[in-house]
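This report refers to the structure that appears directly beneath it.
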2 protein chains.
Amino acid sequence: MNEKTELRIIGKPIPRHDAWEKAFGLTCYAADFSLPGMLYGKVLRSNYPSARILSVNTSRAERLKGVKAVLTAKDVPRNESVTRFGQTHVVGGGFEGLYRVLADRKVHFMGEAVALVAAEAEEIAEKALELIRVDYEPLPGIFDPIEAMKPDAPLVQEGRPNIITHYEVVKGDVKMGFSEADIIVENTYRVPFVDHAYLEPESGMAWIDEDGVITIRVSTQVIEHFRGIADVLNLPHNRVRVIGTYVGGGFGGKEDITVEAFLALLTYKTGRPVKLTYTREESILSHSKRHPYVMIYKTGAKKDGRLTALEAKLVSDAGAYVYLSPWVLLYSMVNAAGPYRIPHVKVDGYTVLTNNTFTSANRGFGAPQVCFAYESQMDELARRTGLEPEKIRMMNYLEKGEALATGQILERHVALQETTEKVIEALEERTLPSGQMRIGRGIASGMTSYGRMVFLHDTSRSHVSIEMDGSVTIRAGIQDIGGGQASSLCQITAEILGVPIEDIKIYIADTALTPFAGTTTATRQLYMSGNATLMAALEVRKVLVHKAAGMLGIDPESLDLVDREVIDKEGTGKSLPLKEVVRACASDGVPLYHVALFKAPFRNIAQFERIEGQVFPDFTFGTHGAEVAVDEETGRIQVLKLISSFDVGRAINRLSVEGQIEGGAIYGMGYSLTEEVILNQGITMTPSFSEYLLPTSMDVPDVETILIESGDGVGPFGAKGVGEPSVCSVAPAIANAVFNAIGVRIYDLPLTPEKIVKALKEKKDMG
Amino acid sequence: MNEKTELRIIGKPIPRHDAWEKAFGLTCYAADFSLPGMLYGKVLRSNYPSARILSVNTSRAERLKGVKAVLTAKDVPRNESVTRFGQTHVVGGGFEGLYRVLADRKVHFMGEAVALVAAEAEEIAEKALELIRVDYEPLPGIFDPIEAMKPDAPLVQEGRPNIITHYEVVKGDVKMGFSEADIIVENTYRVPFVDHAYLEPESGMAWIDEDGVITIRVSTQVIEHFRGIADVLNLPHNRVRVIGTYVGGGFGGKEDITVEAFLALLTYKTGRPVKLTYTREESILSHSKRHPYVMIYKTGAKKDGRLTALEAKLVSDAGAYVYLSPWVLLYSMVNAAGPYRIPHVKVDGYTVLTNNTFTSANRGFGAPQVCFAYESQMDELARRTGLEPEKIRMMNYLEKGEALATGQILERHVALQETTEKVIEALEERTLPSGQMRIGRGIASGMTSYGRMVFLHDTSRSHVSIEMDGSVTIRAGIQDIGGGQASSLCQITAEILGVPIEDIKIYIADTALTPFAGTTTATRQLYMSGNATLMAALEVRKVLVHKAAGMLGIDPESLDLVDREVIDKEGTGKSLPLKEVVRACASDGVPLYHVALFKAPFRNIAQFERIEGQVFPDFTFGTHGAEVAVDEETGRIQVLKLISSFDVGRAINRLSVEGQIEGGAIYGMGYSLTEEVILNQGITMTPSFSEYLLPTSMDVPDVETILIESGDGVGPFGAKGVGEPSVCSVAPAIANAVFNAIGVRIYDLPLTPEKIVKALKEKKDMG
């Protein structure tokens, strides 16, 4: 594979291997799977956001006919010792032992699990829940992170401060920076709790296999939670196996353990297969949310638009448990000043415990929050300097070789000039104004890392092998959460081994069957497992080419693999069917498989508190443009057009990349306009999709996707990740468009009609 | 791991991981497994041993309510093109295209499959079989291999000669050898068709997984038949997965494809899970048998007992299809002259097609047949020379460095002097005579190869990894057919990694999950996968030791792994928990897994017809002793004692080795006394265990196992294989004991009461 070789399969818009079945509703998701003799699991959850458990009486439930198990905290072999339960990636940090699989003495948020039931039928299990009597003593809770930060605030978790992390980023002297500024804008931005709102709620099934291995088939982004699950059961890690199912949406919400430990406990106690699927209400109540942030931003610029200083304070609400909150804040810190050249920066970030629903990963992982703030600020500065929004940005965008406020050098191409130009061009094609609505246009740019933090020694493995008939098998521990991750690995392998995509079978997401590939999160799998698969395929190719060279009497360098044949590139017409070369290898005992290990570059960082240095392997840059129509009467915002331009490095599968970006744009649109988990004193007011409002197909505009392919990513063939980056700058683009339409700026997401009407009224009153 | 390290786990009699469940009847065998929505498969079989199929009418069966599929030859995508169907290991040989998955124009033996049915219930499937109308035109058949060899014999398979192989072994000049002999014995020996008579008949289930992979969970010795199954369906090999279940007895009878292709066809056509379990009668009718041989043996010796010449002609009945018959004959050829120093040898062997049930692998694979002949001859020579049976043997046993008649040098220790001495010693302890019975004692020695023929490029792979908590996982493509193969790999790995056996989990026998390890046949898996596992474990150990050396500041050479700790052998007391070393490796991104490939030494052989050179990697040598009581009135033989002494090289697990040898001794005892599939003009007269007589627990004597551990095998830690060797010399030992008791010699197995009474009468008549 030399660099001049023309790409035959990479970049093609090949429909994914699972597309047909998904489109026709035939895909077998977690809840579609049944086993003979299975039981149904149910979870009893706390109705209080903060309470002491005085007693739990399960005897009536246990006596109900058809009930096979009722479990409480005392039945969990290691209820408290699961140091990294739900925090698999948190290395140390002093948060060990905080979490309980089942609450014992106290509940800390509404929806916390208290007891488990397994029964012969779902109805019996539900009935049994009603028969469990829990005596609570309600305790005062704390629900506002700003309040929780005060020195005299009551503690959410006994013996631990509410502020669980304080990070800072410091570059230059921010005071001096503001003294040099001609214009300073300062605002407080708020973003809400957001649900992942996947179509498929949490679901799985567990059983004990013939050899006593607890096997859990579950909709998850992280099959490697088998370790944490084994710890809960106090079993060796090799006695638990997790098989990932098709995932009907993950978005970070299936990154932490959801149903797995409950399933494992119930099947371990009953010896029978157990299925557990959350209801929508249970899902919204119990799983992590995107962090609400309070963000105080202050940005200074010269009259000509050059930025001089940025100061920000971020307060993140962790809810009742730590989970991934410290890491999410870390991502926010690195992204807080945006992709801009700013001489003086100071950012302070806090993660704070409250008795709200806990928060953890959500697509974008701390980037969408700060992007809303810094891109709102940029538009404000544009207005104040009189520059076009794109002009002030293009003047300040960082370029390759320059450093972020954290000191991280951008070692690869920064395509923001191109993406911004493309979006502006596309916005020129105006949509017709619709009736009485006011039309506005806005843009926003963003940067988002892909791949995990480089101090974590990130690795992924992939196994590529050729069968005797020339068909190819990939084994990869990735999960395909809808991004087409699996198909991309097939496409990479097909390219390298010169076979059509249909010759490739990929096994994914099974801790027994597939080599470990880490989490399918952090937009890391195309980068990590893509590179591992590329390496493995290249090794297999090398063996084939070497053997064929011997058979043909040709220099290996002049051979290529195309269409199931090994051919002479020099055009002598000499060739061999791939199958024949495979057989020749096999009958000589030459192995045609390779397990490759890809290691992300590792760099240590000195300390956590002050974030400095090369924290991420690379970033994806892009720009969103929005055209909106605002009804000044009702406050309703209609998004007429969304334009998404991203440097994807290299599109491995054009359909998948465009699909990811379109999905990300709509995900961001929901964040902008309607989505909000409303908690009133810790109590969820939005327990269903009647209250929690998602964009419907009626709300979704055309999304125009404009790909830049710099070829300068760290993924295979120069690819970058787009899963999370595609979300981040949508909300500020829409907010900026709304300002452009009606001249008012909203500082709190979502941009509800009520807020629009109220802001218009205030503007008029002040007018 | 240096050689002086004391073995801590190897050699210990550790109960197997599956022992408890098997003893308590909890093991989930193939037929114990069910899936929701599954159908039941049934096979319609020919009632004629030779007939033309004029027509097959399935319409009535198809109309039966609950019937989901009725398949005949025309429904099989590649019915005839399965070049290696049932002949997976046969490389070439001109036998391609002989076999049909479902008979089309002709049936060649009674029990050949003609049609398949899948239905909602087993009873419906049975009823449907009755509704299928097949019109046959009976054809004359040929049932005697000697007749079939005649030039004018009718052909079993159109256009192919009945004699499918003729091999020869030639050493020296056999005529000269006999001219030098003082004593010559010559006899014709016959051995019968033998059933494997496993407790568990052929059984499996197939389904289509979520990604469209045809998955077959089946009781088999060879999971790698997935290739042949894919060929039948005309699918790429990577679209078929075979998962091996626990095997309730294999003995070579589950080496060829049994239910797999039928299951695959039915599930492919219906889209539903299908289960198929043979009845006992169907099993006896349809699966391969051990080859009946006619063996003309002539052996010459000097007066003092030294052997001068051996000439033998072997005729093997292949039945109606080739299967593994040529290979079985090849094994017989190499073993035909026994472990003896004979200057002049000539052996001719023939494999012949007939219309009998086809024959293929059966524990011993061609060795038990010839062993019965050559060890009967040895006793005859002992009688004629006046030497004790052990004396004439010990005088003629080959020794290390000497060559077989094929020219193969015995490169390792030949322990027959020791095994014979041990057996003779043990036979001295006489059992009390029982009533009117005549007591006799006999011995017989044997040699049997372990591992496949060296010209086949045999390979096996094994994958060893350590989990984060220090528990260990092995993935090996072996099948455990009751020999404790899986537990042996665990024991090897536990020894190398210094962990207790319960810390190890092994996954076996799954073409998707486990690396290819070849067939679990030919007594090859301890040798092949044992070595591969040893290699993989040593690589993992190397990484651990290296890391621990760095952590402790100690030379790696002085470290050992014991009881979940890395310790300083020099006694400084310095140590680290294994778990800590594992975590240190993991957080540095150092991989703790290895896939090892073990390649058996390869040697080409020039030609097949004349068998010469190093055909096998090594042999296992041993001696059986038998004490019998014969009732001269009824002819009944009671085996009072069996003594089995073998050089096992190294007993990896003493319990497993002894179990294998005891089982082999009883297997050989059944062959000696009662077991025979009786075919009358191709029609099975012994379709159940009422007619086909196995030893029962009442018939089984004490088996005394005496292990020699030379440490000179080619397996891990110097182990040899014992699975097949333990069977071979039982029948001649018993026949020799019978002669010793009553002075008559039986030349045909089994030694039935009728034959004894008849021989006694003849002796008396002649007397």
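All of the numbers you see were taken from the coordinates with simple rules; none came from a lab. These numbers come from a predicted model, not from an experiment. Every residue, glycine as well, gets a Cβ built from its backbone with ideal geometry; the counts of neighbours run over all protein chains shown.
Where does each of A:106, B:42, A:764 land when they are ranked from fewest to most other beta-carbon atoms within 10 angstrom? Write out the running numbers ahead of the final one.
Details: A:106 19, B:42 24, A:764 10.
Ascending number of Cβ neighbours within 10 Å: A:764, A:106, B:42.
Shortest first, in nm, what separates the label point of residue A:613 from those of the same position in the other copies (7 Å along Cα→Cβ)?
With the label placed 7 Å along Cα→Cβ, residue A:613 yields 6.1 nm.
Would you list which aspartates and glutamates come within 15 Å of residue A:391, measuring only between C-alpha atoms, while excluding same-chain residues fewer than 8 positions from it?
A:304, A:375, A:379, A:380, A:418, A:421, A:425
For the range A:418-543, what is the charge dipole size about the Cα centre, in debye to the nearest 20, if Lys and Arg each add +1 at the Cβ and Asp and Glu each add -1 at the Cβ?
420
Once you keep just the Cα pairs under 8 angstrom separated by 6 or more residues, what percentage relative contact order results for the range B:667-754?
On the way: 71 pairs, mean separation 35.0, N = 88.
Rounded, it is 40 percent for the range B:667-754.
I need to check one value: relative contact order of chain A, counting alpha carbon pairs closer than 8 Å and at least 6 residues apart, in percent. Could you put the intermediate results ahead of the total?
Values: 1978 pairs, mean separation 120.0, N = 767.
So the answer I get is 16 percent.
Can you tally the net charge around residue B:639? Count Lys and Arg as +1, Asp and Glu as -1, for every other residue whose Cβ sits under 10 Å from the Cβ of residue B:639. List each step's numbers first, then the result.
Working: positive: B:641; negative: B:627, B:699, B:702.
It works out to a net charge of -2.
What is the ratio of the Cα radius of gyration of the range B:376-487 to 2.2 N^0.38 Å, with N the residue count, to two decimals?
On the way: Rg = 22.0 Å, N = 112, 2.2 N^0.38 = 13.2 Å.
With N residues counted in the range B:376-487, Rg over 2.2 N^0.38 Å equals 1.67.
Give, in nm to one decimal, the length gained when the segment between residue A:57 and residue A:636 is fully stretched (0.36 nm per residue of separation minus the Cα-Cα distance). Walk me through the numbers before you get to the answer.
Values: separation 579, 0.36 × 579 = 208.44 nm, distance 5.04 nm.
Full extension from residue A:57 to residue A:636 adds 203.4 nm.
Can you list, shortest first and in nm, the gaps between the label point of residue A:588 and those of its counterparts in the other copies, using a point 7 Å from Cα in the C-beta direction?
Those separations, rounded to one decimal, come out as 3.7 nm.
Which ordering of B:173, B:510 is given by a fewest-first count of other beta-carbon atoms within 10 Å?
Details: B:173 14, B:510 20.
In order of increasing Cβ crowding within 10 Å: B:173, B:510.
Take the alpha carbon gyration tensor of chain A, find the square roots of its eigenvalues, order them as a ≥ b ≥ c, and report rounded if a/c is under 1.5; if not, report prolate when a/b exceeds b/c, else oblate. All intermediate terms of the calculation are to be shown ahead of the outcome.
On the way: a/c = 1.75, a/b = 1.06, b/c = 1.65.
Oblate.
Quick query: amide H of residue A:677 versus all other amide H atoms, modeled in the peptide plane; which residues come in under 5 Å with a sequence gap of 5 or more or a different chain?
Here A:193, A:194, A:195 satisfy the definition.
Taking the simple approach of a point 7 Å from Cα along Cα-to-Cβ for both residue A:584 and residue A:402, what is their distance in nm?
5.6
At 222 nm, what value in deg cm²/dmol follows for chain B if DSSP H runs of at least 4 each add -39500 (n - 2.57) and the sum is divided by all its residues, to the nearest 500? Numbers along the way, then the final one.
On the way: 19 runs with 209 residues, N = 767.
Only helices count here, giving -8000 deg cm²/dmol.
I need the Debye-formula profile for the range A:533-645: one equal scatterer per C-alpha, no solvent, reported as log10 I(q)/I(0) at q = 0.10 1/Å, two decimals.
For the range A:533-645, the Cα-only Debye profile gives -0.64.
About the Cα centre of the range B:634-754, how large is the charge dipole given +1 on each Lys and Arg Cβ and -1 on each Asp and Glu Cβ? Please answer in debye to the nearest 20.
Details: 6 positive and 14 negative charges, 30 e Å.
Dipole magnitude for the range B:634-754 comes out near 140 debye.
Among the listed pairs B:65/B:275; B:346/B:764; A:150/A:175, which are separated by more than 24 Å between their Cα atoms? Write out the running numbers ahead of the final one.
On the way: B:65/B:275 18 Å; B:346/B:764 36 Å; A:150/A:175 26 Å.
From B:65/B:275; B:346/B:764; A:150/A:175, over 24 Å: B:346/B:764; A:150/A:175.
Answer rounded, prolate or oblate for the range A:408-556, using the Cα gyration tensor with square roots of eigenvalues a ≥ b ≥ c: rounded when a/c is under 1.5, else prolate when a/b is larger than b/c, else oblate. Provide the component values of the computation, followed by the final result.
Values: a/c = 2.31, a/b = 2.02, b/c = 1.14.
Note, shape of the range A:408-556 comes out prolate.
So how much slack lies between residue B:697 and residue B:80, counting 0.36 nm per residue of separation and subtracting their Cα-Cα distance, in nm? Write down the numbers at each step before the final one.
On the way: separation 617, 0.36 × 617 = 222.12 nm, distance 4.43 nm.
My answer for the length gained is 217.7 nm.
Taking every residue in B:238-246, how many Cβ atoms of other protein chains lie within 10 Å of its Cβ, on average?
On the way: counts 14, 4, 2, 4, 0, 0, 0, 1, 2.
Mean number of neighbouring Cβ atoms from other chains: 3.
Just order A:519-526, B:221-228 by mean Cβ neighbour count inside 10 Å, highest at the front, would you?
Working: A:519-526: 28.2, B:221-228: 23.9.
Top of the packing list down: A:519-526, B:221-228.
Calculate the mean, over all residues of peptide A:208-215, of how many other protein chain Cβ atoms lie within 10 angstrom of the residue's Cβ. Intermediate values should be presented prior to the final figure.
Values: counts 0, 2, 10, 11, 4, 2, 0, 0.
Shielding by partners across A:208-215 averages 4.
Ranked by Cβ crowding within 10 angstrom, fewest neighbours first, how are A:587, A:462, B:575, A:288 ordered? Intermediate results must be reported in sequence, preceding the final value.
On the way: A:587 12, A:462 31, B:575 17, A:288 27.
Ascending number of Cβ neighbours within 10 Å: A:587, B:575, A:288, A:462.
For the protein assembly as shown, with only Lys/Arg (+1) and Asp/Glu (-1) charged at the beta-carbon, what is the dipole magnitude about the Cα centre, in debye rounded to 20? Numbers along the way, then the final one.
On the way: 162 positive and 196 negative charges, 42 e Å.
Taking the Cα centre of the protein assembly as shown as origin, the dipole is about 200 debye.
For residue B:681, which inter-copy label distances result when the label point lies 7 Å beyond Cα on the Cα-to-Cβ vector, reported in nm to one decimal and in ascending order?
Copy-to-copy label distances at residue B:681, shortest first: 9.6 nm.
Which whole number of Å³ per residue matches the convex hull of the alpha-carbon atoms in the protein assembly as shown?
Details: hull volume 322.0 nm³, N = 1534.
That works out to 210 Å³ per residue.
Report the residue of chain A with the smallest Cβ-to-axis distance, using the rotation axis that brings A onto B, in whole Å.
That would be A:513, 2, residue then distance in Å.
For chain A, return all DSSP H helices satisfying: extent of Cα atoms along own axis at least 20 Å; mean Kyte-Doolittle hydropathy at least 0.5. List each step's numbers first, then the result.
On the way: long enough: A:367-385 (26 Å, -0.54); A:525-552 (38 Å, 0.60); A:654-673 (28 Å, 0.17).
Counting only whole DSSP H runs, the qualifying helices are A:525-552.
Within a 10 angstrom radius of each residue's Cβ in A:591-598, how many Cβ atoms of other chains show up on average? Whole number is fine.
Numbers: counts 7, 0, 5, 1, 6, 0, 4, 0.
Taking all residues of A:591-598 together, the mean is 3.
So if we plug the beta-carbon distance of residue A:199 and residue A:179 into 1/(1 + (r/R0)^6) with R0 = 51 Å, what FRET efficiency do we get, rounded to 0.05? Provide the component values of the computation, followed by the final result.
Working: r = 52 Å, r/R0 = 1.03.
E between residue A:199 and residue A:179, to the nearest 0.05, is 0.45.
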